[in-house]
1. Enumerate the calculated ³J(HN,Hα) couplings along the stretch 80-97 in order (Karplus 6.51 cos²θ - 1.76 cosθ + 1.60, θ = phi - 60°), each rounded to whole Hz, writing x wherever the residue is Gly or Pro.
2. Restricting to Cα pairs below 8 Å that are 6+ residues apart, what does the relative contact order work out to for the chain? Please round to a whole percent.
3. Looking at the chain, send over the antiparallel percent of its DSSP beta bridges, to the nearest 5.
4. Cα centroids of the stretch 26-84 and the stretch 211-274: how far apart, whole angstrom?
5. May I ask which of 67/135; 135/278; 142/213; 23/248; 248/278 have a Cα-Cα span longer than 21 Å here?
6. Which lysines have a Cα lying under 24 Å from the Cα of residue 42, excluding residues fewer than 8 positions away in the same chain?
7. Counting other C-beta atoms within 10 Å, which of 96, 146, 210 has the fewest, and how do the rest follow?
8. Report, in deg cm²/dmol and to the nearest 500, the calculated mean residue ellipticity at 222 nm for the chain, where each DSSP H run with n ≥ 4 adds -39500 (n - 2.57) and the sum is divided by the residue count.
Amino acid sequence: MRRLFLSLLFIGAMLGCHAQQAKTIDIDLWPNGLPNSNGLDKTQPYNDQERNFKPAIRVYLPEDSVKTDMAILVIPGGGYRVLSNGAEGHEWAGHLTKQGIATIVLSYRMPMGVTEVPISDATEAIRVIRENAEKWGINPKKVGVLGSSAGGHLASTIATHNPEATRPNFQILFYPVISMDKSYTHMDSHNCIIGENASQELEDLYSNHLQVKADTPPAIILLSDDDFLVPPRNSAEYYLALKKAKVKASIHVYPSGGHGWGCGQRFRYHKEMMQDLKIWLDTFNGNSNEGANRMMFMRP
């Protein structure tokens, strides 16, 4: 009897494992060749240990019993030097798919001085998500982006620079790099994405608070007051620019926590942060009392 029970338990675990695997899809973003190069990506095969990341997405689809029609592209940080794929990347899938949200984690190439490289990868990821929206049960008008630190800069870049077809419908930004102003940017990100000797014109172009327009998608910004790496002024300037443009925005500044916590439970205010984020996301899914009114904020 015990042997039968263990056999059934093993089979159940295997079936559960296969079911989980069936909901994960890996997609090469550029199967027909790269549109640009940082130099390193020409050396194949890709090798993460050498910061030669393959431009790709991993799609996590929620169970049918809980799924909504929302999707979020997750863009990890790493100072435009590495990919912080843990609490700022793949760990988000466990949290978001439980809420019925399709979670797509982006692996993007480092710029290495070629600004367009990571931007093109993030842009293509949005295009691919919308192209597969019907197949994955996603509303193409409910495709958001979640970016942390330098990933927040990349997320806000495609939100402020891209045309409607490849612009996300909402932004979730964790302690983002926003400005390229040397007095309060994150200098490592600045130097990697636009170069150490970038012109004032280029700095202004990729200072995303200066690029906010009326059609910039709604945003929630979450950060710690004591962020030692990316000055909180980055988030404040972006929030104020969104409000000036009459774009719906929320900002949550937690008393402490530093930088880089993402969805990790080591963050002292993890539970509060996750609740704040869920409440904000529910407004787009119509799951709160304000949902019916706030649905109008979704971009067509």
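1. 6, 10, 9, 10, 8, 7, x, 5, 9, x, 5, 5, 5, 4, x, 6, 6, 5
2. Answer for the chain is 14 percent.
3. On the way: 11 of 35 bridges.
Of all bridge pairs located within the chain, approximately 30 percent are antiparallel.
4. So the two Cα centres are separated by 24 Å.
5. 135/278; 23/248
6. 54
7. Numbers: 96 24, 146 31, 210 17.
Ordered by Cβ neighbours within 10 Å, fewest first: 210, 96, 146.
8. -10500 deg cm²/dmol
Bear in mind that the values in this text are calculations on the coordinates, not laboratory data. For clarity, every value in this text was computed on a predicted model and none was experimentally measured. All Cβ positions, glycine included, derive from the backbone under ideal geometry; neighbour counts span all protein chains shown.
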